[in-house]
Structure formats: structure tokens, C-alpha cells
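A quick write-up on the structure given underneath.
The values are calculated or read from the model by the stated rules, or taken from the named source; none is laboratory data. Every value quoted in this text rests on a predicted model; they were computed, and no experiment measured them. No Cβ is skipped: glycine too gets one built from the backbone with ideal geometry, and neighbour counts run over all protein chains shown.
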Amino acid sequence: MDGAAMADQENNNPNTEGHPFAGPQLQNGEFKAADMTDANFNGVNLTRAKFYAVLQDAQFNDCNLSAVFFKNVNLSGAKFDDVNLANSTFHNINLSGTKFDSLSMRDVEVTRVDITGMKIDGIPVSDFTAAYDEKHGLTPRDEDSEK
């Protein structure tokens with residue numbers, strides 16, 4: 001899909017497994033029950049797109065994902081490099097094994113999250129939460145209760 005213009009399209013049950021997307025305009029697109037496993041998005045404009053799909057092991061490189069809505073999406077093993085996720089929403093998402101590089105998390109809020117094995121710059125997030133709890137005299141968090 002080199003340079004394709006598919007803005008404002010609704011795609012029900014598309015199978016794009018392993019398909020490369022290079023430079024298409026997919027803003028405002030809606031992807032329902034789509035299998036986009038191993039999809040490769042390069043330089044794609046996905047502004048305000050809505051995903052209800054499988055994006056396992058997908059790669060997003062140099063993409064505009066601002067104001068994108070992800071709901072009930074499997075993003076396990078996905079890789080995000082040089083992407084804009086400003087004002088995007090993630091609800092009920094599997095990010096297991098997902099990699100983010102050169103990430104700005106300014107004003108990001110995360111709730112009801114399982115942080116088992118999660119690291120920021122190589123440091124386990126559980127170390128950060130334990131230090132915070134200790135500093136503020138809080139009861140240590142039970143990671144099982146965060147699932």
C-alpha cells in the first residue's frame with residue numbers, strides 16, 4: 001500500500017497480516033476485527049484512526065498516531081520508533097513484549113496496569129513504585145492486585 005489514500009475509511013475484518021504500509025494516508029480510518037499481525041507501518045498518517053484489531057508484532061516507524069483510539073487490541077511484541085502518540089487512548093490493551101524507543105511520556109496517565117517485568121531505561125518500574133511507597137510511608141504494592 002505505497003502512498004495509498006484511505007482516509008475516513010471503515011475496514012471490517014481486513015486481513016493485512018505481514019503487509020507493508022509505506023506512506024499511506026489512513027487518518028480517521030476504523031479497523032474492526034482486523035488481523036494486522038506483523039504489519040509494517042512506515043511514514044503512515046493514522047491521525048484519529050480507531051483500532052479494534054490484532055496488531056501483534058506490528059512495527060510503527062515514523063508514523064503520526066496522534067489522537068488514535070486503541071480498544072481491545074493485541075499489541076504484544078509491537079515496536080514503536082519515532083511515532084507521535086499525543087492525545088491517544090489505549091483501553092484494554094495487551095502490550096506484553098512491546099518496545100518503545102525515544103519516547104515522550106509527558107502528561108501520560110496509566111491506571112489499572114500490570115507492571116510485572118516493565119522497565120524504563122533498564123530499571124524495573126516496581127523499583128520506582130517501591131521507593132515511592134517507602135518515601136511516603138505507604139504499604140508496599142502487591143503486583144497481583146494491580147492486574
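Quick test for you: out of ASP107, ASP144, ASP81, ASP114, pick the one residue that is closer than 30 Å to ALA49 by Cα and either in contact with a His (Cβ under 7 Å, 6 or more places away or on another chain) or at pLDDT below 90 (or both).
The unique qualifying residue is ASP107.
Residues of segment 9-42 being in a loop (DSSP other than H, G, I, E, B), at pLDDT 80 or above and of a type in the set (Asp, Glu), which ones?
ASP38
Kindly state which strands (runs of 3 or more DSSP E) lie completely within segment 60-118 and contain at least 1 residues that are loosely packed, with under 12 Cβ neighbours inside 10 Å and free of Cβ contacts under 8 Å to residues at least 24 places away in the same chain.
It comes to 89-91, 99-101.
Any residue in segment 25-37 that is of a type in the set (Ser, Thr, Tyr) and surrounded by 18 or more Cβ atoms within 10 Å (Cβ to Cβ) sitting within a Cβ distance under 9 Å of a residue that is modelled with pLDDT of 90 or more and not in a strand (DSSP E or B)? List the pairs, counting only those 6 or more apart or interchain.
So the pair list comes out as THR37/LEU55; THR37/GLN56; THR37/ASP57; THR37/ALA58.
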